[in-house]
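The values are calculated or read from the model by the stated rules, or taken from the named source; none is laboratory data. Bear in mind that the values here come from a model prediction, so they are computed numbers and not experimental data. No Cβ is skipped: glycine too gets one built from the backbone with ideal geometry, and neighbour counts run over all protein chains shown.
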Amino acid sequence: MNAAAVGQPGATEYPGLEWLASMAALVDAEGAIEYANPALENGLGVSRRLLNGQNLSHWMDCPALWQESLLQVRSNEFSSKRFDCMMRLRDLREAVQVQLIVARTDHPQGLLLAEVVEISQQSRLEREEQWHNQAQANKELIRNLAHEIKNPLGGLRGAAQLLHAELPSAELQEYTQVIIAEADRLQTLVDRLLAPHRKPHVVGDVNIHEVCEHVRTLLQAEFPQGLTIEQDYDASLPEFRGDKEQLIQAVLNIAHNAAQALQQRIVQGDASIVFRTRVARQMTLARQRYKLALVLHIVDNGPGVPAELKDRIFFPLISGREGGSGLGLTLAQTFVQQHQGTIECDSQPGHTEFRITLPLP
């Protein structure tokens with residue numbers, strides 16, 4: 001990359017790198033950081049001020065390969081060099097695999113460009129695209145199916161009512177009452193399926209912590225004993241424009257599912273749900289790039305999502321709980337996507353984490 005094209009020598013910012021989705025830095029001949037873009041700052045969890053002067057190899061498990069690549073590019077043996085490496089990134093207990101690219105620039109001080117691409121990031125973007133397409137298909141399927149069910153259902157219920165009035169004995173009327181009750185139950189299900197597409201999007205100023213606190217109050221009222229709900233909030237997060245009621249419902253659906261999955265631990269008295277908010281920089285959401293985003297982590301210590309459901313938990317009518325409607329997570333995903341956000345889930349026994357990411361102004 002031409003460094004002169006992205007900033008003047010000695011400038012504190014390089015606009016072309018500021019908006020780069022991948023983590024990037026300008027480093028000297030030994031690998032010490034002279035400039036770090038916001039994606040690298042966010043990825044490492046260290047402010048740019050503190051990154052300045054530190055060697056990027058501090059976060060790698062392959063410092064020799066890093067130094068070799070710097071030498072080869074610096075000596076013009078290669079115009080650029082790329083290699084795979086393991087790096088320790090923010091909030092991750094284990095190092096993740098990345099691809100490092102070292103390239104020459106025409107910076108007057110001879111700085112080199114180092115770009116870090118998290119290999120799992122590409123998988124995440126592909127998964128997000130797949131979920132988005134699946135959600136759109138689900139939405140069309142639900143709307144069409146609901147309308148197809150609703151029309152004959154009304155006729156079925158009306159006919160049952162007329163038949164009920166004509167039947168001479170209470171014993172026979174019990175059968176029509178069953179038909180009417182089941183028709184009403186199906187009507188309620190259809191209404192729930194159509195609800196997200198019927199209600200208008202009521203936009204106002206939303207504080208994500210007010211949303212979390214509202215949900216926390218509801219959960220503590222329902223589960224007063226045996227369940228601890230922890231708050232780990234980033235107070236610097238600003239308000240944003242959105243539909244507060246939809247977001248409350250989305251967070252409640254996720255947290256309530258978690259609480260129900262924690263029944264055994266609630267009996268034991270060690271059930272835990274954590275609401276954690278963080279700010280993220282340079283995020284791609286719904287195929288659009290945002291400078292800032294908020295991330296809400298909803299974490300529980302339950303048994304985890306069954307392996308056979310992990311890839312289908314956001315599908316409609318899929319439930320891992322007996323008697324569940326399978327609509328809670330589908331509706332949560334719909335509401336989050338209506339805010340141009342994403343929702344993801346990582347789960348293993350003892351640790352299930354849902355992440356809601358929403359763009360910030």
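Details
- Selected residue (criterion: surrounded by the fewest Cβ atoms within 10 Å (Cβ to Cβ)) from residues of the range 313-334 that are polar (S, T, N, Q) and at pLDDT below 75: Ser325
- Qualifying residues in the range 65-83 (those that are charged (D, E, K, R) and free of Cβ contacts under 8 Å to residues at least 40 places away in the same chain) - the one surrounded by the fewest Cβ atoms within 10 Å (Cβ to Cβ): Glu77
- Here the range 139-159 is the region considered, the condition is being under 46 Å from the mean Cα position of the chain (by Cα) and more than 30 Å from Ala332 (Cα to Cα), and the residue that is surrounded by the fewest Cβ atoms within 10 Å (Cβ to Cβ) is Gly155.
- One residue stands out in the range 100-123 among those that are crowded, with 16+ Cβ neighbours inside 10 Å and not aliphatic (A, V, I, L, M): the one that is modelled with the lowest pLDDT, namely Gln121.
- Residue match in the range 222-240 (condition: under 20 Å from Asp205 (Cα atoms) and surrounded by 17 or more Cβ atoms within 10 Å (Cβ to Cβ)): yes
- Within the range 266-285, considering residues that are among the small types (Gly, Ala, Ser) and surrounded by 15 or more Cβ atoms within 10 Å (Cβ to Cβ), the one modelled with the lowest pLDDT: Ala280
Residue-by-condition table, conditions (1) touching a residue at least 60 places away in the same chain (Cβ under 8 Å); (2) farther than 27 Å from Met283 by Cβ:
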residue	(1), (2)
Ala39	yes, no
Asn52	no, no
His58	no, no
Leu100	no, no
His107	yes, yes
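- Within the option set Ser236, Ser272, being under 23 Å from Pro303 (Cβ atoms) and of a type in the set (Ser, Thr, Tyr) holds for one residue only, Ser272.
- Boolean, Gln220 is part of a helix (DSSP H, G or I) and either modelled with pLDDT of 90 or more or in the same structural domain as Gln268 (by TED's automatic domain parsing) (or both): yes
- Residue that is assigned to a strand (DSSP E or B), in contact (Cβ under 8 Å) with a residue 40 or more places away in the chain and aliphatic (A, V, I, L, M), where the choices are Val295, Val251: Val295
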